[in-house]
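Here the structure comes first, spelled out in structure tokens, and everything after it is commentary.
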Amino acid sequence: MNSKQVIYVMGVSGVGKSTIGKLLSEALQIPFFDGDDYHPKSNILKMSKGQALNDDDRLEWLQTLNKLAIKQLKNNSCVIVCSALKKSYRDILNSGIESYTKWVFLYGSFEQILDRINKRDNHFMSSNLLKSQFDILEEPKNAIKIDISLTPKNIVEVIKKGLSGKVEFGLFGLGVMGKSLSRNLANKGFKISMFNRHVDGVEENIAFNFKNEFEELSSALPFDNIEFFVNSLQTPRKIMLMVNAGKIIDLVIEDLMPFLTEEDILIDGGNSNYKKTKERFDYLKSKNIHFVGAGVSGGEEGALKGPSIMPGGNKDTYKEVQPFLEAIAAKDENNKPCCTYIGTEGSGHFVKMVHNGIEYVEMQLLAEVFSILKAMGNNPDQMAHILKSWKEITNSYLLEITIDILRKKDGDDWLVNKIMDKAGNKGTGNWTTITTAELGVPSTMIASALFARYTSFYKEERIAVSKNFKSKDDSKLNLTNDDILKAYQFARIMNHYQGFKLIHEASKSYNWHLNLSELSRIWTNGCIIKSDLMVELVEIFKTTNNILSNEKIIQQIKLLKPTVKKVVSECILNELPIPCLSESINFLNSFAIANSSANLIQAQRDYFGAHTYQRVDDDTGKFYHTNWK
């Protein structure tokens, strides 16, 4: 540190203040003092009886710590651990030394901290006093705020960087996602710089105005000048690019290059094509600049409250950005971050691409369920009620938002009835379909979901064709709500099999060594395809890379298969389009067959193109050709 400082480490009991304070004092080579050691005997006696301290009890204690800080400043900096939960307490601790104090605020959830306290031995603070501490806690405005889910070592590193003059992390691009991630980082205690371009009359003072909108950004630095933005960051610089995928990424990199230095790190947090990510990775490596392609899922709300993050690149580079990405990520059921090192090169963007392909199918399946329930005479409210009953059996984020959508009214009608039936796409479903074809993997449901969107876009032509092929079938759907649920469950299993199969085959082709269980884990929260099924897959993938070989899944499929056949048959007879539901059973029928009709196709290929064939009665692998005339 350049000058003497008193570093107060604060937070409720159980956040690990003493542990972090000691480690920090060792790292900075300055004295450490635990505020609990300075309580008068009357306070200790009171707390040991399970009684909360009042402000009068604390006054003498806080004044003693203030005198300790003043005394220490005469010779050296120091670290003092103190709960300091209210602003008035911090004002006493700061008294006379305001310009010399730095605050570190350690925070976590009530449940997380309660569990920690209950595991501690011989501490005079009983766990039933924890709620009273949360009740009086007033978060400091200008503190280094750190999530205690980070490792102690990472917490100390974040604090050390926060105590230096320059900013820790930069966000380039303040669109919807960039803004949400900026607020997320600031809420986690990171000091950030934010950049947004300046375009006269179009984009002016974006970063400056954004900073002033939110209190958590009070210490953030706003820029519309690239050079000033880059120079505000600690080296090696860590800059996350939140701009549209495509050529603009390359243009931004070229704009940044003159101001970067060796070992700086660029993170592409957009939906870039994984092949372009590898190209950028190789290009920047030649310049001694590190590049991380990070898939980010969760939308605007996820980016703010905790997304699922899929970073790919050099593993040592990931370790440099790990504290930032894991701090802002969603947490799984064990409070572990939904962020993990995926693999080298473009692997992070690859798995995000397949995530979106799985998402396409999940959305299409719910749209098909919507069509069936509508054909059975249900209005949107009734559909929402039916889907809500499914939550205990097969819940997911997309199911939950579909229920909300179906309930939304616009005047006297439901809003969904007024939305044009033309579904757009941003390209990731297209990339996934192309990739599965290139790798020779049958992710047929993703292709079906993509083409369903393409079909929907031809609205005017669909209207014209519908007049020529109007249904004359007066039959009714002979289905129950439970039938539809079972067909939906079956199709979702097939979708997840195909998606993870594509990831596994790509991992082998590109030598990425992807961990399907860990990938499932980071998709259990924060992302669009989080679901109860995804939670199940975490354990299943610990023993197999093929979910169709898992006994529990096998039994589920056997149970559900008769019903999906019935649902698909009824829908076809009643001329209801169900491309993904029907493809789910078509796929299993074509995959779960020992001897297929592909022998005829191979014979045809040999007939007209002399492509040869192998024989089932010859296990040597020899290829044959026949003169078929």
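Coordinate-derived values only; no laboratory data. Owing to the predicted nature of the structure, the values given are computational and were not obtained by experimental measurement. Virtual Cβ from ideal backbone geometry, glycine too; neighbours counted across all protein chains shown.
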Determine, for Val321, Val535, Val351, the number of other Cβ atoms within 10 Å of each Cβ, and report the residues in order from fewest to most.
Val535, Val321, Val351
Restricting attention to region 426-532, which trypsin sites (Lys or Arg not before Pro) occupy a DSSP loop and are surrounded by at most 12 other Cβ atoms within 10 Å?
Lys426, Lys470, Lys472, Lys476
For Kirkwood radius over Cα pairs in Å, several values are listed as (i) 30.1; (ii) 28.1; (iii) 31.3; flag the one computed from this structure.
(ii)
Leaving out same-chain residues fewer than 8 places away, which aspartates and glutamates sit with a Cα under 20 Å from that of Lys418?
Glu368, Asp381, Asp404, Asp410, Glu460, Glu461
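Indicate, rounded to the nearest 5 percent, the antiparallel portion of the DSSP beta bridges found entirely in the chain.
In the chain, DSSP labels about 25 percent of beta bridges as antiparallel.
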Among the aspartates and glutamates, select those whose C-alpha is under 16 Å from the C-alpha of Lys46, and discard any that sit fewer than 8 residues away in the same chain.
Asp36, Asp37, Asp55, Asp56, Asp57, Glu60
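With the alpha-carbon atoms as the only input, what is the per residue convex hull volume for region 507-629 in Å³?
Cα-based convex hull of region 507-629, divided per residue, equals 222 Å³.
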As a check on your grasp of the helix formula, calculate [θ] at 222 nm for the chain: sum -39500 (n - 2.57) over DSSP H runs of n ≥ 4, divide by the residue count, round to the nearest 500.
-16500 deg cm²/dmol
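If we count chymotrypsin sites (Phe, Trp or Tyr not before Pro) as exposed when they sit in a DSSP loop and have at most 10 other beta carbons within 10 Å, what is the longest stretch of the chain that avoids them all?
Longest gap between qualifying sites, sites excluded: 1-468.
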Which of the aspartates and glutamates could a cross-linker bridge to Lys629, judged by Cα under 19 Å and excluding same-chain residues fewer than eight apart?
Asp606
Using the structure shown, select from Lys74/Lys188; Lys71/Lys153; Lys422/Lys566; Lys408/Lys470; Lys305/Lys336; Lys161/Lys305 the pairs with a Cα to Cα distance greater than 26 angstrom.
Lys74/Lys188; Lys71/Lys153; Lys422/Lys566; Lys408/Lys470
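Could you line up Ser569, Ser99, Ser308 from fewest to most neighbouring Cβ atoms inside 10 Å?
The order, fewest Cβ neighbours first, is Ser99, Ser569, Ser308.
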At 7 Å along Cα-to-Cβ for each site, give me the label-to-label distance between Lys285 and Thr394 in nm.
4.3
At 7 Å along Cα-to-Cβ for each site, give me the label-to-label distance between Gln555 and Ile572 in nm.
3.1
With each label point set 7 Å from Cα along the Cα-Cβ vector, what nm distance links Thr544 and Thr151?
3.4
Just rank Met376, Met10, fewest to most, by other beta-carbon atoms within 10 angstrom.
Met376, Met10
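Could you grab the relative contact order for region 291-389? Cα pairs under 8 Å, six or more apart, rounded to a whole percent.
Worked out over region 291-389, it gives 25 percent.
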Over 21 Å between alpha carbons, listed pairs Lys388/Lys501; Lys131/Lys211; Lys191/Lys238; Lys22/Lys319:
Lys388/Lys501; Lys131/Lys211; Lys22/Lys319
